[in-house]
Amino acid sequence: MNSIKAVTRSQAFGLHLVVSLVLAMVSIFIVFFVWYPSIYAYASNVTVIFFILLGVDVTLGPFLTLIVFNVKKKELARDLVIICLFQLTALLYGLHTLFINRPIYVVYNSGRFDTVYANDIKNENLAKVIDPKFQRFPMFGPKVIAARLPENGEESAKIVISALTGKGDDVQYLPQFYIEYETQKKLILNQLKPLNTLRSFNKKSEQQLDALIDRYKKEKKEVGYLPVVGKGEFITFIIDKSSGEIVEKSTLKPFP
C-alpha cells in the first residue's frame with residue numbers, strides 16, 4: 001500500500017494506459033497475424049468490430065483508474081484489482097470469441113472456395129475424420145484444402161439434397177471428406193476464370209484490376225481466378241494456370 005501512496009493519479013493513469021497498450025499490441029498480433037492473417041480479417045468482417053472492442057477495453061480501464069485513484073481511500077488497492085480483473089476478463093472474452101469463430105480452412109468445392117470457421121464444424125462430423133491431418137483444427141490461420149463428395153452415388157446425392165434443403169451440412173463442413181488441395185489442382189485449373197471477367201463486378205476498382213492484369217502480363221505469367229466465400233465479404237484467389245498455385249489473394253469482388 002505504501003508503494004501505491006507514492007504514485008500520483010496521473011502516474012497511475014499513465015502506467016495503466018501503457019500496460020493496456022502493450023496488451024492491445026499483443027492482441028492485435030494474435031488476431032491479425034495468427035488467427036485471421038492476410039486478407040481473412042477482411043473476408044470475415046472482424047477488423048472494425050475488433051478495434052471497437054479493443055478501443056473500449058484499452059481506454060476504459062485507465063480512465064476508471066483515473067477516476068477512482070485516491071491515495072486516501074482505504075479500498076484503493078481493492079478497487080484497482082477489480083478494475084484490472086474486469087478489463088482483463090473483457091479482453092479475454094473478446095479474444096475467446098474471435099478464437100472460436102476463427103477461419104480454419106478454405107475449402108475448394110465445385111468451382112469455388114468456401115471459408116470454413118471453427119464453429120461451422122460439428123463435433124459429430126469431426127469425430128468421423130480418419131485422416132489425422134484433419135482431426136485437429138489449424139491454429140495458425142486457415143489452411144487451403146479441398147473437399148470431395150463420396151464416390152457412392154447415393155451417399156453423395158443425400159449430402160447434396162440435404163444441403164440444398166437446409167436439413168444438413170454441405171460437403172465443405174464435413175471434414176471426413178477433406179483432401180489435400182494439391183490432389184485437385186488439375187480440376188481447379190479447368191475451372192479458372194479470366195481476370196477480365198472481374199471487370200463487370202468491380203466498376204469502382206477498375207484501376208486496381210488493370211494494375212493486377214498489367215503486372216502479370218509483365219511477369220509473363222498466365223493466371224486466372226476463383227471466388228472465395230467468406231462470412232463477411234467475398235474475395236478472390238488469383239491462381240497460376242501452369243502450377244495451380246495460389247499466387248495472390250485479392251479484395252476484388254468475384255460476384256456481382
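Worth pointing out:
- Residues of region 156-176 that are over 22 Å from the mean Cα position of the chain (by Cα) and of a type in the set (A, V, I, L, M, F, W, C): A157, I159, V160, I161, A163, L164.
- So F86, is it at pLDDT 90 or above, within 30 Å of P254 (Cβ to Cβ) and among the aromatic types (F, W, Y): no
- Filtered by the rule that a residue be in contact with a Phe, Trp or Tyr (Cβ under 9 Å, 6 or more places away or on another chain) and of a type in the set (F, W, Y), region 92-112 gives F99, Y105, Y108.
- Under the condition of being touching a strand residue (DSSP E or B) at 6+ places or on another chain (Cβ under 7 Å) and either aliphatic (A, V, I, L, M) or within 21 Å of I28 (Cα to Cα) (or both), the residues counted in region 106-136 number 5.
- Candidates A157, A118, A77: the one that is assigned by TED's automatic domain parsing to the domain that holds M25 and of a type in the set (G, A, S) is A77.
- Selection from region 79-129 of residues that are without any contact (Cβ under 8 Å) to a residue 60 or more places away in the chain and part of a loop (DSSP other than H, G, I, E, B): N101, S110, I121, K122, A127, K128, V129
- The listed residue being modelled with pLDDT of 90 or more and not small (G, A, S), out of L98, L80, L60: L98
- The strands (runs of 3 or more DSSP E) found wholly in region 160-251 and carrying at least 2 residues that are in contact (Cβ under 8 Å) with a residue 60 or more places away in the chain and within 26 Å of N45 (Cβ to Cβ) occupy 223-229, 235-240, 246-250.
The values are calculated or read from the model by the stated rules, or taken from the named source; none is laboratory data. Note that the structure is predicted; figures quoted are calculated from it, not measured. All Cβ positions, glycine included, derive from the backbone under ideal geometry; neighbour counts span all protein chains shown.
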